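What follows is a set of notes on a single structure, which appears directly below.
The values are calculated or read from the model by the stated rules, or taken from the named source; none is laboratory data. Keep in mind that this is a model prediction, so the values were computed, not measured. Glycine also receives a Cβ, built like all others from the backbone with ideal geometry; neighbour counts cover every protein chain displayed.
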Ligand code: URA
């Protein structure tokens, strides 16, 4: 049977350009109801081996609190598990290579809600992990705050895309949108079993 421990071991075996950095797999509870998915770790994440612990992570924590979402209820990860050099965006090839590990994490956590942070994770999840279909998915500004349903390996998930917290740091006008969208996530959690 698969486990988070096994995924970690498999990730440690990867030998590519990115894996010269430290592994940044996840933080949070295996029993979490909400799974947040970002893009790839940054410098502070690489240093600590944990996702979303830098500026974007602090912004995420602040807005989770504002929305009344407890950190105990969340599991946080990224698509790509090693820091891309100079914080560049992950390439389509890297997203394709790391996506199967993310899918395995979803199959273990089985969250009530998958909350994708920004364009990359929204696209890979809404294509149901078919990278060739990524260009068919709309952009985050059109999809944010809207509930979609995706069946992954036989299980239905509610997927709610929201802006990436880093985007709200560059453009403070997005903070109120981010706050409202996380409140939608909180509301949807209350009425989880609609399938
Ligand atoms: N941005 C991400 O997408 N992930 C992190 O872990 C940190 C910043």
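Here are a few things to note about the model shown:
- As a summary of the residue check, residue 168 satisfies the conditions (1) exposed (fewer than 13 other Cβ atoms within 10 Å of the Cβ); (2) out of contact with any strand residue (DSSP E or B) (no Cβ under 9 Å at 6 or more places or on another chain) except for the one numbered (1).
- Within the span defined as the stretch 78-101, one or more residues are buried (at least 21 other Cβ atoms within 10 Å of the Cβ), in contact (Cβ under 8 Å) with a residue 12 or more places away in the chain, within 25 Å of residue 175 (Cβ to Cβ) and in contact with a helix residue (DSSP H, G or I) (Cβ under 6 Å, 6 or more places away or on another chain).
- Restricted to the stretch 101-195, the set of strands (runs of 3 or more DSSP E) holding at least 2 residues that are within 16 Å of the ligand (Cβ to nearest atom) and under 21 Å from residue 82 (Cα atoms) comprises 113-117.
- Highlighted here are the strands (runs of 3 or more DSSP E) found entirely within the stretch 15-87 that include at least 3 residues which are within 23 Å of residue 124 (Cα to Cα) and near the ligand (Cβ under 9 Å from one of its atoms): 74-78.
- Qualifying positions in the stretch 113-128 - in contact (Cβ under 8 Å) with a residue 12 or more places away in the chain and surrounded by fewer than 18 Cβ atoms within 10 Å (Cβ to Cβ): 128
- Qualifying residue in the stretch 80-88 (condition: modelled with pLDDT of 95 or more and touching a strand residue (DSSP E or B) at 6+ places or on another chain (Cβ under 7 Å)): no
- Considering the conditions (1) within 16 Å of the ligand (Cβ to nearest atom); (2) assigned to a strand (DSSP E or B), residue 90 is excluded by exactly one of them, (2).
- Filter result for residue 11 (near the ligand (Cβ under 9 Å from one of its atoms) and either in contact with a strand residue (DSSP E or B) (Cβ under 9 Å, 6 or more places away or on another chain) or part of a helix (DSSP H, G or I) (or both)): no
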